[in-house]
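For reference, the structure discussed in these notes is given below.
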Amino acid sequence: MLVTDPHIRCEKRGSLGLLTLDRPEALGALTHGMIKALASQLEAWAVDDTVKTVAIRGAGERAFCAGGDIRAVAQAVMAGSSHEGADLLRDEYRMNALIGAYPKPYIALLHGITMGGGAGVSVHGRYRLADETLSFAMPETAIGFIPDIGASYFLSRLPDQIGLYLGLTGTRIGLSDALDAGLVTHAVRRSDFESVIEALAQGDRIENTVQAFSHKAAPGPLREHRRRIAILFGAPSVEAILERLDRDGGEFARATAQELRTRSPTSLKLVFRQLREAQTLDLKQCLAMELRLALRAVDAHDFREGVRAALIDKDRNPKWQPNSLAGVGNLDPFFASLGPDELY
């Protein structure tokens, strides 16, 4: 039976299956209901011979998708119903794996804020078309969490340590830098999104359609720092990264070091190890690892404190425990098997 949700619009246009994240008042943030509806429709279209291509877009002017509904996960944990948050994460990660292995061309049309869960429903697809308003980030270390939704898979494979830089700092990047990193595949003006959709609906060749509407983007601000990032973030630990940043002394290095020192120390060390281990794992293995980390992280102090500071009290002044990298203990328990609760 097909699962539906009022915030997911599904329509067939010719040979195209079109998904719209229709929750603009919440910047497209994914609820559990939205996740289940997306997965259900994707599974149905995967075996529907009349659907040759699938595309996904976001409604509203400000965002494609600002992420998963992390507030809902936090509220469930704080109410003592951690299983509800765990179920949301499990279903979301399984949907990410479905997109990553989708048997038909999957195209994401990105604009505005695209973060966390928004990356999960786009980056794993074959084509990622983005406009000049794109603002991409994986900001989880700011709330005592880790980049999930398969982010360890794609971040660990970006060139010049860009993935580690983005995963640790949570820095927002625009269209040009996302293109350079390979997070998006083509620059397409938002005014052309509908024309792309119509061409796909008519069965035009995808590569021809994408090339017809894509354009070159001007260099982004990170391009001049790529070599520096590769050296600075190629260090063997978070502590060593900070040492290199401090020794560098340039404006970029100082700002980056300052940003890192506002993040959860535990999250920083988890992310560093997570991305190192992800280099030898496939997407499903990365998602399984992320579930282990996520379920332990949401029960820890820093996640509750990070959500409080960012989303509840909004004082932007979290009190991390421990409050230094030196105080972070053995991380092995975070990475240990969940036994019968493993993702797969």
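So the values come out like this:
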read-out	value
Residue with peak Gaussian network fluctuation, the chain [Cα springs, cutoff 10 Å], from Leu21, Leu175, Leu222	Leu222
Sites Ser337 and Thr280 - FRET efficiency at Förster radius 22 Å, r taken between beta-carbons, to 0.05	0.80
Lysines with Cα under 26 Å of Lys104, excluding same-chain neighbours fewer than 8 positions away	Lys12, Lys36, Lys52, Lys284
Gyration tensor (alpha-carbon) shape descriptor, segment 1-68, a/c threshold 1.5	oblate
DSSP beta bridge pairing in the chain, given as percent antiparallel to the nearest 5	30
Degrees separating the helix 251-260 axis from the principal Cα axis of the chain, which is the longest one	90
Net charge dipole size for the chain [Lys, Arg +1 and Asp, Glu -1 on Cβ; Debye, nearest 20]	540
Order of Lys319, Lys216, Lys52 under a 10 Å beta carbon neighbour criterion, fewest first	Lys216, Lys319, Lys52
Cα lying deepest toward the dipole's positive end in the chain, options Ala151, Leu164, Met289, charges on Cβ	Leu164
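Taken together, the values in this text are just the output of simple stated rules run on the coordinates, not laboratory data. Small disclaimer: the values here were computed from a predicted structure and weren't measured. When we count neighbours, we look across all protein chains shown, and the Cβ atoms used for this are built from the backbone with ideal geometry, even at glycine.
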